[in-house]
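Colleague: One structure follows; several queries about it will come next.
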Amino acid sequence: TEGRGLMEMDGVEREVGPGDAILIPAGAWHQIRAIEPMSFLCCCSPPYSHEDTFFQ
């Protein structure tokens, strides 16, 4: 992770930043919002499926 953001998972929000790793359990509602320019690596298992994504 580079930069900082806010990670919300199942109604709990926390700040994330450089060096952080996040485990999202299967079926957990989640979103991440950048609070400054940020980039991160996302690894998904099982593989990501666009049909499971909801954009608001």
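Values in this text are rule-based calculations from the coordinates and carry no lab data. Fair warning: this is a prediction, and the values are worked out from it, not measured in the lab.
Colleague: Taking amide hydrogens as modeled 1.01 Å from N in the peptide plane, which residues meet the under 5 Å criterion relative to ARG4, leaving out close sequence neighbours?
Modeller: Under 5 Å from the amide H of ARG4 lie the amide H atoms of ILE35, GLU36, each far enough along the sequence or on another chain.
Colleague: While we're looking at this one, here's another question. Per 10 Å bin from zero, what fraction in whole % of the C-alpha pairs of the chain is there, up to the bin with the longest pair?
Modeller: 20, 54, 25
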